[in-house]
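The next block holds one structure in the form of structure tokens; read it before the comments.
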Amino acid sequence: MSPHPPANSNDHEMRPEYDFSQGVRGRHFEAYRAGTNVVFLEPDLAAAFPDSASVNQALRLLVKLAQTKGLIGGRSNKPLQPTSRPKRKAKSKRRSRAARG
């Protein structure tokens, strides 16, 4: 059970335990406006990464590795298409003069 009685829809008063007298208007406005990326890790990964700094370090290393291997940043996501080169002529089966003797 809740320690407080249910609030009526007509009751717009703040509860006494909510104290915003020291609050600063717009304190987090810029951060909210800039946006954030919230990522939920699976429990096994969360155990391997104790804080956001370790996650960021691992991701930066992964991006760097992928860039050096040419996996990202170099090619588009389009599938490879066969090139249209002219076909070479088949080599003739004629023997050279030196081979004929």
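For the stretch 1-60, filtered to residues that are modelled with pLDDT of 80 or more and of a type in the set (Asp, Glu), the residue that is nearest to the chain's Cα centre (by Cα) is 42.
Applying the selection to the stretch 21-56, what residues are among the β-branched types (Val, Ile, Thr) and either free of Cβ contacts under 8 Å to residues at least 12 places away in the same chain or part of a loop (DSSP other than H, G, I, E, B) (or both)? Scanning the stretch 21-56 gives 24, 36, 38, 39.
The values are calculated or read from the model by the stated rules, or taken from the named source; none is laboratory data. Not measured: the values here are computed from a predicted model. Heads up, the Cβs are rebuilt from the backbone with ideal geometry, glycines too, and the neighbour counts pull from every protein chain shown.
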